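Structure record follows, encoded as structure tokens.
The values are calculated or read from the model by the stated rules, or taken from the named source; none is laboratory data. Quantities reported herein were computed from a predicted structural model and do not represent experimental measurements. Positions of Cβ are generated from backbone atoms using ideal geometry, with glycine treated the same way; all protein chains shown enter the neighbour counts. Remember, those area values only see protein heavy atoms, side chains included, never the ligands or the DNA or RNA. Shrake-Rupley method; radii C 1.70, N 1.55, O 1.52, S 1.80 Å.
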Amino acid sequence: METQELDGALRRAGHRVTTPRRAVWEVIRDADAHLTAEEIAGLVQSEDPGINVSSVYRTLALLNELGLIRESSLGPSASHWEMAHPDQQFHLRCTSCGGVEHHGGDIVEQVREHLRGEHRFDATAIDLVVSGTCARCS
């Protein structure tokens, strides 16, 4: 999603387009990794020192609420942020190097069907993280 699409999404939801919102969006959009809020704040402030950390946190919450970004708990440390992606993608997290990869497949849909059929639970979102050792670290 490009910046002008972000602007449209914010306006449709009744929110203003602001410099901090664009800055946070661009950092996450351009990242080739999952970033913590602290990492995002550091990158935003390196581009614009006038943007305070509280603006970054509020923006993360808003963009998450709008479904534009996604928060994932990828281990014992802080939450990580990334562009929103379908539930059918899941995370493989290496406990040695800390790398995270997205993978697709039908496993998430199988979990959703199991929950619906066996537990009468309708999952609205599934964030599946599998921890182990990647091929590079094995």
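Of the conditions (1) under 16 Å from the mean Cα position of the chain (by Cα); (2) open to solvent by 80 Å² or more (accessible area, probe 1.4 Å), HIS114 satisfies every one except a single condition; which number is it?
Among (1) under 16 Å from the mean Cα position of the chain (by Cα); (2) open to solvent by 80 Å² or more (accessible area, probe 1.4 Å), the lone unmet condition for HIS114 is (1).
Can you name the residue in segment 25-41 that is assigned to a loop (DSSP other than H, G, I, E, B) and aliphatic (A, V, I, L, M) and, of all such residues, is least open to solvent (accessible area, probe 1.4 Å)?
ALA31
Scanning for something of a type in the set (Ser, Thr, Tyr), surrounded by 15 or more Cβ atoms within 10 Å (Cβ to Cβ) and either under 12 Å from the mean Cα position of the chain (by Cα) or closer than 27 Å to ILE107 by Cβ (or both), does segment 42-58 turn up at least one residue?
No, segment 42-58 has no match at all.
Regarding GLY14, is this residue open to solvent by 30 Å² or more (accessible area, probe 1.4 Å), on the phi > 0 side of the Ramachandran plot and modelled with pLDDT of 95 or more?
yes
Here are LEU60, LEU68: which of them is touching a Phe, Trp or Tyr at 6+ places or on another chain (Cβ under 8 Å) and modelled with pLDDT of 95 or more?
Result: LEU60 is the single residue among LEU60, LEU68 that is touching a Phe, Trp or Tyr at 6+ places or on another chain (Cβ under 8 Å) and modelled with pLDDT of 95 or more.
May I ask you to verify whether GLU71 is part of a strand (DSSP E or B) and either touching a His at 6+ places or on another chain (Cβ under 9 Å) or not basic (Lys, Arg) (or both)?
Considered against the rule, which asks whether it is part of a strand (DSSP E or B) and either touching a His at 6+ places or on another chain (Cβ under 9 Å) or not basic (Lys, Arg) (or both), GLU71 comes out as yes.
Which condition number does GLU101 fail, the rest of (1) among the charged types (D, E, K, R); (2) over 25 Å from GLY8 (Cα atoms); (3) surrounded by 14 or more Cβ atoms within 10 Å (Cβ to Cβ) being met?
For GLU101, the exception is condition (3).
Being open to solvent by 50 Å² or more (accessible area, probe 1.4 Å), modelled with pLDDT under 90 and over 14 Å from LEU74 (Cβ atoms) narrows it down to one residue among ASP122, ASP106, ASP127; which is it?
Sole residue among the options that is open to solvent by 50 Å² or more (accessible area, probe 1.4 Å), modelled with pLDDT under 90 and over 14 Å from LEU74 (Cβ atoms): ASP106.
Exactly one of (1) under 25 Å from GLY99 (Cα atoms); (2) without any contact (Cβ under 8 Å) to a residue 24 or more places away in the chain; (3) among the polar types (S, T, N, Q) is unmet by THR36. Its number?
Failed condition: (2).
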